[in-house]
Amino acid sequence: MFRAEDFSWSAVPGQGRVVGRLTHRSGQTRFSCAGAGVVLTPETPWTRRRMTILYKSAERSALPAEEVRARTPSAPSGDYSAFVKRTVCDADSRFSFSGLANGAWYVITVGKPVAPATGDDIAVMRRIEIRGGRTVNVEL
């Protein structure tokens, strides 16, 4: 069940940072998130269930984006957008977030095939934890 109060910890400014890069490959195909959005979603019991439905995992996943989108109607709905952080991947598929509270978060983006440019877009998700206000380096 969606409960806004479960997200309150994530709205408190902190010293944590996430510095990341999409490095995903499938065989010879390399993926890029250049210009694509990256979302950082706080982990709560509700979002953990949602990730399990959408990505078939609550830890990490790389699945065809269409497959994830097809499962979206069955995932629980709720208005958690106020707690989601957003940024955009740069030309080198790098991204960062700062001012984050300690706790577990889900990093999510969509990569497009670039070399060779064949195949479907891939939705990539990974659970990370910020502890002690430190920087978390993440490769998706």
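FYI, it's all coordinate maths here, none of it is from the lab. If you're wondering where the values come from, they're calculated on a predicted model, not measured in any experiment. Cβ placement follows ideal geometry from the backbone for every residue including glycine, while neighbour counts extend to all protein chains displayed.
Give me the net charge of ALA65's neighbourhood, meaning all other residues with Cβ under 10 Å from the Cβ of ALA65; Lys, Arg count +1, Asp, Glu -1.
Details: positive: ARG69, LYS112; negative: GLU66, GLU67, ASP120, ASP121.
Once all neighbours under 10 Å are counted, the net charge is -2.
Using the Karplus relation 6.51 cos²θ - 1.76 cosθ + 1.60 with θ = phi - 60°, the per-residue 3J(HN,Hα) values for region 70-84 come to 5, 8, 4, x, 7, 6, x, 9, x, 9, 9, 4, 5, 9, 8 Hz, with x marking Gly and Pro.
Site pair ARG131 and ALA91 shows an inter-label distance of 3.8 nm when each label is modelled 7 Å from Cα along Cα→Cβ.
What is the order of VAL38, VAL84, fewest Cβ neighbours within 10 Å to most?
Details: VAL38 24, VAL84 16.
In increasing order of surrounding Cβ atoms, one gets VAL84, VAL38.
Approximating the spin labels as points 7 Å out from Cα along Cα→Cβ, the VAL19-to-GLU67 distance works out to 3.3 nm.
Helix-derived [θ] at 222 nm for the chain: sum -39500 (n - 2.57) over DSSP H runs of at least 4, divide by residue count, nearest 500?
On the way: 2 runs with 18 residues, N = 140.
For the chain, the value works out to -3500 deg cm²/dmol.
Which of GLY20, GLY35, GLY78 moves most in a GNM of the chain, Cα contacts under 10 Å? With Cα springs under 10 Å in the chain, the top fluctuation among GLY20, GLY35, GLY78 is at GLY78.
Quick check: from the Cα gyration tensor, does the chain come out rounded (a/c under 1.5), prolate or oblate? Oblate, since a/c reaches 1.5 and b/c is not below a/b.
GLY14 sits among other residues whose Cβ lies under 11 Å from its own Cβ, and their net charge, with Lys and Arg +1 and Asp and Glu -1, is +3. Summing +1 for each Lys or Arg and -1 for each Asp or Glu among the other residues whose beta-carbon sits under 12 angstrom from that of ASN137 gives +4.
In whole percent, what relative contact order does the chain give with Cα contacts below 8 Å and a gap of six or more residues? Display every interim value, and only then the final one.
Details: 314 pairs, mean separation 58.2, N = 140.
Relative CO of the chain lands at 42 percent.
In the chain, the longest principal axis of the Cα atoms and the axis of helix 45-55 are about 10 degrees apart.
Loop-resident GluC sites (Glu not before Pro) (DSSP state other than H, G, I, E or B) in region 19-78 with no more than 16 further Cβ atoms inside 10 Å of their Cβ: GLU59. In order along region 6-19, phi translates into HN-Hα couplings of 5, 8, 4, 4, 6, 8, 7, x, x, 9, x, 9, 10, 10 Hz, rounded to whole numbers, per the Karplus curve 6.51 cos²θ - 1.76 cosθ + 1.60 with θ = phi - 60° and x for Gly and Pro. Cβ crowding within 10 Å ranks THR72, THR23, THR29 as THR72, THR23, THR29, fewest other Cβ atoms first.
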